[in-house]
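Step one of this worksheet: look at the structure below.
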Amino acid sequence: MSDIRNRWSKEEIREIYERPLLQLVLDAAAVHGKYHKLGEVQISSLLSIKTGGCSEDCAYCPQAARFSTGIEVQALMKVDQVVAAAENAKAGGASRFCMGAAWREVRDNRDFDRVLDMVKAVNNVGLEVCCTLGMLTPQQAEKLADAGLYAYNHNIDTSEEHYSEVITTRTYNDRLNTLSNVRNAGISVCSGGIIGLGETHEDRIGMLYTLANLPQHPGSVPINALVPVEGTPLGDNDRVPFDELVRMVATARIVMPLAAVRLSAGRLQMSVAEQAMCFLAGANSIFAGDKLLTTPNPEYNADMEMFRTLGLTPKAAFADGKPASRQKAVEHEHN
Ligand code: SAM
Ligand code: DTB
Ligand code: SF4
């Protein structure tokens, strides 16, 4: 049977997730070696283009207006500021540039027009452009694709069952609809979630079940460890034990062999040895830069030192295919 399957049962995923840790890592490393170059890691750079003041109630998020977390609210950045950040990221070895906005959804207004200009400008820098802007209509997804957007990040965050414990201002289905709008526009889907939200192991299996059963596996799957932020309802949650993160990365690698599995939020609390085990278990992408959206990330120099120590190499942009607009053209040719 092919390794690339879009029908997985929860039992099958559970059987993988529950393997003894070292066996699980070995199995994931074997899948990884078949589809990827060991040690090749994509460096993504993250920029918060609009910060805070969000109307949603995501219990983990420092940017939700209803929690007092002390972050500084910032209006949408200017295009030239974003281009400067993108050039800087490229000089530092990044191949993907992800712009995040604290929006519930995109509205058809001048801010969206400015984001479209940002997408075009960052594309011209020669980076894979990614955005995470909240929910999208099919038309908005088309406009982003036409502007040259390569990927769109929209996390399902947790299992369908646990979702309403974490977020009440939108549904799991709202999330899945946006993912389908993104996919239909020919944009690469980036979707994953967070561990450490108070979910059970069954919820983690459930989250991977949803992702692995999408009509197409996401091009990338971010696995975030909760960064507990004071003032949010989950601010006092315990740190996720590192073996649980490894287990999640390895299972994601086995059930979605082609995806880039991104070791996302939470790296600051991990040693190089712990991260090394994640790379062995199939993680092949990170966010580099000393800030995520609003919380700290490892220093750039420390990450470069880790690359040297572990013999990691940064992955080039567009190594998996063409920019989104051209992907669409290719797909149409084949239909
Ligand atoms: N507002 C848009 C949305 O929700 O899709 C885009 C930005 S939102 C901050 C992007 C993702 O960051 C969320 O889906 C969540 O998975 C992740 N995130 C937010 N706060 C986090 C935290 N404290 N720890 C880990 N991940 C977090
Ligand atoms: C993702 O899965 N993780 C990134 C990115 N996609 C947008 C965001 C992590 C945010 C962590 C909390 C913060 O810095 O505000
Ligand atoms: Fe808003 Fe996104 Fe944060 Fe939820 S995760 S509060 S939608 S910025």
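The values are calculated or read from the model by the stated rules, or taken from the named source; none is laboratory data. These numbers were taken from a predicted model, which means no experiment stands behind them. In this analysis, Cβ positions are derived from the backbone assuming ideal geometry, glycine residues included, and neighbour counts consider all displayed protein chains.
For region 50-72, residues that are among the hydrophobic types (A, V, I, L, M, F, W, C) and more than 10 Å from ligand 1 (Cβ to nearest atom) total 3.
Total residues in region 276-303 satisfying the condition of being surrounded by fewer than 20 Cβ atoms within 10 Å (Cβ to Cβ), free of Cβ contacts under 8 Å to residues at least 40 places away in the same chain and not in a loop (DSSP other than H, G, I, E, B): the figure is 4. Name the residue that is farthest from ligand 1 (Cβ to nearest atom), counting only residues in region 218-260 that are of a type in the set (S, T, N, Q) and part of a strand (DSSP E or B). That would be Ser220. All of (1) crowded, with 19+ Cβ neighbours inside 10 Å; (2) in contact with a strand residue (DSSP E or B) (Cβ under 9 Å, 6 or more places away or on another chain) hold for Lys37 with one exception: (1). In region 92-108, the count of residues that are more than 28 Å from Tyr209 (Cα to Cα), at pLDDT below 95, of a type outside the set (Ser, Thr, Tyr) and surrounded by fewer than 16 Cβ atoms within 10 Å (Cβ to Cβ) is one or more. Filtered by the rule that a residue be surrounded by 14 or more Cβ atoms within 10 Å (Cβ to Cβ) and either of a type in the set (Lys, Arg) or modelled with pLDDT of 95 or more (or both), region 314-325 gives a lone residue, Lys315.
Here is the figure for region 57-102: residues that are within 11 Å of ligand 3 (Cβ to nearest atom) and in a loop (DSSP other than H, G, I, E, B) total 13.
Applying the set (1) more than 11 Å from ligand 3 (Cβ to nearest atom); (2) touching a Cys at 6+ places or on another chain (Cβ under 7 Å) to Lys37 leaves exactly one unmet item: (2).
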